[in-house]
Amino acid sequence: MPQVHFRSHDIHIEVEVGTSLLDAARRGRVRLEAPCNGAGTCGKCKVRLDEEARRAAHVVDSRKLSDDDRRDGWALLCTTLVEADIALDLPAGAEHGLRILEHGKQIDLPLEPWIGKRFRPERNVTDILSGGDALAEEPGDTTTRAYGVAVDIGSTTLVASLIDLGTGSHVGAASALNPQARHAQDVLSRIKLGSDAQGLALLNAEVIAEINRLITTLAVEAGIPRRRIYEAVLAGNTCMLHLAARVDPEPLGRYPYTPTLNGDVHYSAKALGLIISPFGLVYFPPVVSGFVGADITAGMLAASLADEKGVTLFVDIGTNGEMVLARDGRLQATSTAAGPAFEGMNIACGIRAARGAIERVSLEGGEVTVKTIDDAPPAGLCGSGLLDAVAELAVHGVIEPSGRFTKNRGALPSGLQACFGERDGKPAFHLTPDIYLSQGDIRQVQLAKGAVRAGIDVLLRRNGLTAAQVDRALIAGSFGYHLTVRSLIDIGLFPPEFDGKVTYVGNTSRTGAEALLTHAPSREALARLVRSVEAVELANDDAFTKVFVAAMAFPPPLRPALEEVA
Amino acid sequence: MPAEEQKRLYEQLATAVFELDEQLAKLLAQEVLDRGYDAWQAVERGLLEGVNRAGKLFDEEEYFVPELLIAADAMYAGLAILRPHIKTHHTGFNRRVVIGVVQGDTHDIGKNLVRIMLEVAGFEVHDLGRDVPPQKFVDTAIAVKADLIALSTLMTTTMERMGEVVSILEAEKVRNRFKVIVGGSPLSQQFSDRIGADGYAPKAAQAVELAKRLVGLSNAA
């Protein structure tokens, strides 16, 4: 069998002829980002092959490669098939740390955990209580020692907090990347992979192992034995819950996207493979639908959506934009497929939000200014930088409201005119000499922001509301946290009427999970609330296509002088 | 100079569609009738020509989804006025296509773009809508004597349904009667090859070129 030598990682591995380099790398346990899971459609596993390597492989061409790429020897790992012994270097930076949002809006609730303890001096034992019922007993008086963990299972990151159930205080917090992302980047790919028994076992084992690692870290740092942790509340989107509970996610991948696991259930931690107390429990919060999950319902609780007077819009901007409209305690929820542009995917110079990613762009004064994460040399454009950049292009008239690059470049300040270049014969706008935005990139942003805005507009329309009647807009989640209200409005993702009404509530999936951990009555209250939430399926709304089409436009530039010059 | 005027009016109609002015397209379509000009020519040289131009710009990334859909709206608005007055049966050529979004998926904007462009190219389009079971594609294709089956999906999770359509065609021993083309953002040429489809196109305009080529209306590009 041919041998593959990954020089950069000093790994030799034997594979059958016809194995893709991506599979070879995985068998060699190399961490690589392959969002499309080897379908050849995302172009993120690009690698440069030398002459010799190309002779030892069958390179299948991909439309994700530009003519320049081909000339320079670039190929995709997933579409390059091994034929003979081959040596290559893998792209650097596969293991970059990601920016992770841990904190979020908290709700003040009295301490009333699901897990309780009761010492019985006559027998010198302590009963462990679950919802008031005795679960087990421990020798001696352990009433002051009871802990729980709240975990937000994001599709990209996991965030866990350790909480003292006797005092309600935070003992520690830890985060990690969701290891499932190595096998399948987006939620749909994970549903697909998890739809057969082997894939489900893999994704389940990966996430449970990572949660166990987080719990171990927290316990060790706090000097607490893991057996004193009696409960874990796991919040996350509906797919993440299915995978964590090892429930087949297949129905989530097809209309009408009906969940098998509806949440508001307790499982035995042992049965799920979580290493806490042998009597420990796992609680999954309720879900609304296949695409409005426990991360959002936990957020409903953390943001007190049911108690707000007037009109509140709660939005989690991401690959799936989930949103909840609350009107005097009545809630409607929906989700919209924004696509991967916000994660820097399908974008020519897109990267994830890691060191060196451009996160802020300004075209003020006719010059391009960029700010990168950690102020490192620019390596690419992450989602928030992409949104910021496109907002600035729209404001300064570099792109027209339709999204097309202006035909009237002469009217732009000379500094901006100089940023235009060409890639594969098409215009591109350079933010740095190496990092640019193509017309296709702007189209991707239009699809993504148009989808979220269309969701907002449809929810408002169905309720006969206008944007001006919204009293407050809450931005939840990690991606939204890094966006400015200014660029959200400039790009048209939010209507201008939201100006001055926006609050960032952060990771409310985690804070909601914490509230469910420390205040058991909230579980029943939330389950009741969720049963009353109306799930809106945008695809079934007659106006959706029209609203979506309108939402793809950008607000007109704030430089009317441009038209006058023309 | 009625011939000149006629030509100018058709050109104005094309421009109205291309410039996304539905109201103007309707006014001009009415004017065609008021002046007693030929309705079919107004459709072919005005409305369809307008969408065709929009489609070309779409292909060049100058126009995007909104422009193409609005141009199509303008075309359909004009067509509604002109259609009752088309005297003879003009279908250009006699190629039929069955199109739809595969079962489990309800995202149909991409499919609608391809449908519009196939119609403009002169195909007789049977649109089955979205969430369409594999068997229905086959049954409809047989019933309408289609030349082509066009399958669309936006979701990774529903891609495999396309392969099922091909399998059913084979099981019913009618595979060679139809060309099958596939499209949608999670797909690739390799996927198309793997499921045994006849072609894949990454974009709407290319799908039309592919369709024409497969039914023998143009030479290989």
query = Does A:LEU214 count as touching a helix residue (DSSP H, G or I) at 6+ places or on another chain (Cβ under 6 Å) and either more than 22 Å from A:ALA341 (Cβ to Cβ) or not basic (Lys, Arg) (or both)?
reply = no
inquiry  = Test of understanding: among A:VAL220, A:VAL247, which residue is touching a Leu at 6+ places or on another chain (Cβ under 6 Å) and surrounded by fewer than 22 Cβ atoms within 10 Å (Cβ to Cβ)?
reply    = A:VAL247
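Is it the case that some residue within region B:58-69 is farther than 23 Å from B:ARG115 by Cα and touching a Lys or Arg at 6+ places or on another chain (Cβ under 7 Å)? First the steps, then the outcome.
Taking region B:58-69 as the starting set, the residues that turn out to be farther than 23 Å from B:ARG115 by Cα are none.
Within region B:58-69, not a single residue is farther than 23 Å from B:ARG115 by Cα and touching a Lys or Arg at 6+ places or on another chain (Cβ under 7 Å).
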task = Only strands (runs of 3 or more DSSP E) wholly contained in region A:96-210 count here; list those with 1 or more residues that are open to solvent by 20 Å² or more (accessible area, probe 1.4 Å), within 22 Å of A:ASN507 (Cβ to Cβ) and not acidic (Asp, Glu).
result = A:147-153, A:157-164, A:170-177
key: Residue among B:VAL32, B:VAL65 that alone is aliphatic (A, V, I, L, M), open to solvent by less than 70 Å² (accessible area, probe 1.4 Å) and more than 14 Å from chain A (Cβ to nearest Cβ)   = B:VAL32
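Of everything in region A:300-324 that's closer than 28 Å to B:ASP105 by Cα and small (Gly, Ala, Ser), which residue is farthest from the chain's Cα centre (by Cα)?
Restricting attention to region A:300-324, the residues satisfying the condition of being closer than 28 Å to B:ASP105 by Cα are A:313-324.
So of that shortlist, the ones also small (Gly, Ala, Ser) come out as A:318, A:321.
Values: A:GLY318: 6, A:GLY321: 10 Å.
Step by step, filter region A:300-324, then rank; the result is A:GLY321.
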key: Test result for B:THR140, polar (S, T, N, Q) and open to solvent by 20 Å² or more (accessible area, probe 1.4 Å)   = yes
query = If you go through region B:101-115 one residue at a time, do you hit one that is assigned to a loop (DSSP other than H, G, I, E, B), touching a strand residue (DSSP E or B) at 6+ places or on another chain (Cβ under 8 Å), under 17 Å from B:ILE168 (Cβ atoms) and within 11 Å of chain A (Cβ to nearest Cβ)?
reply = yes
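Determine, yes or no, whether A:LEU274 is crowded, with 22+ Cβ neighbours inside 10 Å and part of a helix (DSSP H, G or I). Walk me through how you get there before you give the answer.
Details: crowded, with 22+ Cβ neighbours inside 10 Å: yes; part of a helix (DSSP H, G or I): no.
It is false that A:LEU274 is crowded, with 22+ Cβ neighbours inside 10 Å and part of a helix (DSSP H, G or I).
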task = Taking the residues in region B:144-173 that are open to solvent by 10 Å² or more (accessible area, probe 1.4 Å) and among the β-branched types (Val, Ile, Thr) as candidates, determine which candidate is farthest from the other protein chains (Cβ to nearest Cβ).
result = B:VAL144
Residue in region A:346-363 that is open to solvent by 30 Å² or more (accessible area, probe 1.4 Å) and within 14 Å of another protein chain (Cβ to nearest Cβ) present = yes
task = Any chance you could count how many residues in region A:333-369 are assigned to a strand (DSSP E or B) and hydrophobic (A, V, I, L, M, F, W, C)?
result = 6
Flag for B:ILE99 being within 24 Å of A:ARG404 (Cβ to Cβ), at pLDDT 90 or above and among the β-branched types (Val, Ile, Thr) = no
inquiry  = Can you tell me which residue is least open to solvent (accessible area, probe 1.4 Å) among those in region A:393-409 that are assigned to a loop (DSSP other than H, G, I, E, B) and closer than 14 Å to A:GLY440 by Cβ?
reply    = A:GLY403
request  = Give just the number: which of (1) modelled with pLDDT under 95; (2) in contact with a Leu (Cβ under 8 Å, 6 or more places away or on another chain); (3) not in a helix (DSSP H, G or I) does A:SER384 not satisfy?
outcome  = (3)
ask   = How many residues, within region B:172-217, are more than 15 Å from B:ASP147 (Cα to Cα) and either of a type in the set (S, T, N, Q) or in contact (Cβ under 8 Å) with a residue 40 or more places away in the chain (or both)?
value = 11
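Please determine, by comparing only the residues of region B:185-197 that are touching a helix residue (DSSP H, G or I) at 6+ places or on another chain (Cβ under 6 Å) and either surrounded by fewer than 20 Cβ atoms within 10 Å (Cβ to Cβ) or facing another protein chain (nearest Cβ under 8 Å) (or both), which one is farthest from B:VAL65 (Cα to Cα). Before you say what the answer is, go through the steps one by one.
Quick first cut of region B:185-197, residues touching a helix residue (DSSP H, G or I) at 6+ places or on another chain (Cβ under 6 Å) only: B:186, B:195-196.
From what's left, either surrounded by fewer than 20 Cβ atoms within 10 Å (Cβ to Cβ) or facing another protein chain (nearest Cβ under 8 Å) (or both): B:186, B:196.
On the way: B:PRO186: 18, B:GLY196: 29 Å.
Only one residue fits best here, namely B:GLY196.
Residue by residue, here is whether (1) among the small types (Gly, Ala, Ser); (2) in contact (Cβ under 8 Å) with a residue 40 or more places away in the chain; (3) within 14 Å of another protein chain (Cβ to nearest Cβ) holds:
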{"residue": "A:LEU387", "(1), (2), (3)": "no, yes, no"}
{"residue": "A:VAL390", "(1), (2), (3)": "no, yes, yes"}
{"residue": "A:HIS396", "(1), (2), (3)": "no, yes, no"}
{"residue": "A:PHE405", "(1), (2), (3)": "no, no, yes"}
{"residue": "A:LEU412", "(1), (2), (3)": "no, yes, no"}
{"residue": "A:ALA418", "(1), (2), (3)": "yes, no, no"}
{"residue": "A:ARG423", "(1), (2), (3)": "no, yes, yes"}
{"residue": "A:LYS426", "(1), (2), (3)": "no, no, yes"}
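Quick one: count up the residues across region A:458-478 that are open to solvent by less than 40 Å² (accessible area, probe 1.4 Å) and of a type outside the set (A, V, I, L, M). Show your work before the answer.
Step one: list which residues in region A:458-478 are open to solvent by less than 40 Å² (accessible area, probe 1.4 Å), which gives A:458-460, A:463, A:465, A:467, A:470, A:473-477.
Retained after the next criterion (residues that are of a type outside the set (A, V, I, L, M)): A:463, A:477.
Total meeting the criteria: 2.
May I ask you to say which residue of A:THR258, A:THR238 is over 25 Å from A:THR503 (Cβ atoms), within 14 Å of chain B (Cβ to nearest Cβ) and open to solvent by less than 20 Å² (accessible area, probe 1.4 Å)? Talk me through it step by step, then tell me what you get.
On the way: A:THR258 fails: open to solvent by less than 20 Å² (accessible area, probe 1.4 Å).
Among A:THR258, A:THR238, only A:THR238 is over 25 Å from A:THR503 (Cβ atoms), within 14 Å of chain B (Cβ to nearest Cβ) and open to solvent by less than 20 Å² (accessible area, probe 1.4 Å).
Quick check on region A:152-164. Is at least one of its residues in contact with a strand residue (DSSP E or B) (Cβ under 9 Å, 6 or more places away or on another chain), over 28 Å from A:VAL292 (Cα atoms) and away from chain B (no Cβ under 14 Å)? Spell out the reasoning first.
Keep residues of region A:152-164 that are in contact with a strand residue (DSSP E or B) (Cβ under 9 Å, 6 or more places away or on another chain), which gives A:152-164.
This time we only want the ones that are over 28 Å from A:VAL292 (Cα atoms), so: A:164.
Keeping just the survivors that are away from chain B (no Cβ under 14 Å) gives A:164.
Yes, some residue in region A:152-164 is in contact with a strand residue (DSSP E or B) (Cβ under 9 Å, 6 or more places away or on another chain), over 28 Å from A:VAL292 (Cα atoms) and away from chain B (no Cβ under 14 Å).
Taking only region B:174-184 into account, find how many residues are at negative phi and either touching a His at 6+ places or on another chain (Cβ under 9 Å) or within 14 Å of chain A (Cβ to nearest Cβ) (or both). Break it down into steps so the answer makes sense when it comes.
Quick first cut of region B:174-184, residues at negative phi only: B:174-183.
Remaining after also requiring either touching a His at 6+ places or on another chain (Cβ under 9 Å) or within 14 Å of chain A (Cβ to nearest Cβ) (or both): B:182-183.
Number of matching residues: 2.
The values are calculated or read from the model by the stated rules, or taken from the named source; none is laboratory data. Source: prediction; values computed, not measured. All Cβ positions, glycine included, derive from the backbone under ideal geometry; neighbour counts span all protein chains shown. For accessibility, only protein heavy atoms count, side chains too; no ligands or nucleic acids. Shrake-Rupley method; radii C 1.70, N 1.55, O 1.52, S 1.80 Å.
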